[in-house]
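This report concerns only the one structure given below.
The values are calculated or read from the model by the stated rules, or taken from the named source; none is laboratory data. It should be emphasised that the depicted structure is a prediction, and the values quoted were computed from it without experimental measurement. All Cβ positions, glycine included, derive from the backbone under ideal geometry; neighbour counts span all protein chains shown. For the accessible areas, the whole protein counts, side chains as well, though only heavy atoms, and no ligand, DNA or RNA atoms are used. Shrake-Rupley method; radii C 1.70, N 1.55, O 1.52, S 1.80 Å.
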Amino acid sequence: MFDSKYLESGEFYQRRYKNFSTLIIIPLFILLIAVILFGMFATREITTKATGQIVPAQVLSIIQSTSNNAIDENKLSENKVINKGELLVSFKHDDEQLSTQVLTQQINNVTERLQSLATYKMSIDSGSSQFSGQDKFGYDSLFNDYIAQSSALNDDFAQQTSDKVTANQQADHQIDVLKQNQTKNNDKLQQYQDLRNAIDHDSSVKHNTYQSLYDSYIAQQKAATTPAEKEQIKQAAAANVQQQIDQLSNGNDTYDTQIAGIGKSGPLSKSSTLDKVADLKNQQLASVQKEINTDQENLDELKAKQQSANNSYQDTVIKSPEAGVVHLETDKSNTKYYPKGTTVAQIYPKLSDKTKLEVIYYVPASNIVGLKINQKIRFTANQNVTQPMVLDGTVKEIGTAPIASKEGAFYKCVAALTVSRSQRDNMKYGINGRVTVIKGKKTWAQYYKDKVMGDRND
């Protein structure tokens, strides 16, 4: 049995300590203590949020437009798997094709011309035609003209030699005639000298051509009656004969002068003709070599133009340099022109367990303070599912200067992602999402203190 006095005491204390005020104040005090302790010791993350996109850590290739021509066929599409050498874009190339054909025809023409010139040069060097038939450029005719000119020089020398022989023969004939006449004149002179000698010495003359003159002189001597008359006849006969002797002697001198005046040319030298032929050959070779040099320069220039035209023709087709996945810079599927040099797309590596992924995001310049390399990030994909994909990562790159845009200034940042095997099945390039950069931690008390002081935490 309980003592009644104890029951009264318990009721007293129960009424004293279990009133409404006690039941409210004590829990609130305990809660305040708990909140203070939580604020002093519990921490929260200090973050910066941005929007990012998943990209590969390494871009295999950048596809740029190679022509300003209109697009003929465009096979680019986002996330399309392509093989190496696969056609991506083709441009209209009618002008390039026509230019290549014209240049090829010109090169073939100049090449054939150079071959004909080489044959022409060999023909001049050898002195005989090396052409197998009629040359389309007419160099076989030019060689025949050269041979004709060379032959003309040799024929001219032969004609000069023939004329010289004829002239010398005529001179010899004239000399022979003069000498014959001089011999006859000498015979007459000898006859008159014999006749004069007979008159001077009163001797007889026999077998003399002019015996009749001597006989007439003897007859006159016999008819003379006085010595003086005989002497006069003798002097007259001697003077008459001497006059003939003097005339004949003068005739001999005339013959000697005429014979001496008939000249004969010496032997002709062919060296002059050979020099002329050599000069003609050298002139022809120099002319041919000049044409060869000019055509070779033209050929080199045409080949350079052809190479440029071929490059332009090849530039009208863009093929994939690597096997991978296409990522378009912007949606330009209906674009008719890609200005040359414009970046059209990028080739990403095919997704596999070994593919390293990154997220590119842009942080406003006002939130860049406190961002550091190696800070942790969380990427939450924008997916219409109950449990969106969340990836962890580490900051690996922060832009050194802001990028200006209509929305303001932003710093480009890159973070490396850690992707599990289960997450890779749902992974695609270009997935957008929210990036949360964890800059550090603060106690809740410090957080609200900074909040009150106006310091932005995220």
Residues of the range 285-303 with amide N under 16 Å of a point placed 7 Å along Cα→Cβ from residue 104: 303
Full-extension gain in nm, residue 382 to residue 366, via 0.36 nm per residue minus C-alpha separation: 3.3 nm
Order by protection proxy (mean Cβ within 10 Å, highest first), peptides 207-217, 320-330: 320-330, 207-217
Phi-based couplings in Hz for the range 358-364 (Karplus 6.51, -1.76, 1.60; Gly and Pro marked x): 9, 10, 9, 9, 10, 9, x
Other-chain or far-sequence residues with amide H under 5 Å of residue 357's (modelled H): 57, 417
Residues whose placed amide H lies under 5 Å from that of residue 317, excluding near-sequence neighbours: 91
Residue 375 long-range amide H proximity, modeled H, under 5 Å: 395
Whole-percent carbon and sulfur share, accessible surface of the range 185-246, 1.4 Å: 47
Förster-model FRET efficiency, 56 Å R0, residue 342 and residue 290, C-beta, rounded to 0.05: 0.70
Per-residue ³J(HN,Hα) for the range 423-429, Karplus 6.51 cos²θ - 1.76 cosθ + 1.60, θ = phi - 60°, Hz, x for Gly and Pro: 6, 5, 5, 9, 7, 9, 5
Between the range 345-378 and the range 390-437, the alpha-carbon center distance in angstrom: 3
The range 190-225: trypsin sites (Lys or Arg not before Pro) in DSSP coil with no more than 12 other Cβ atoms inside 10 Å: 206
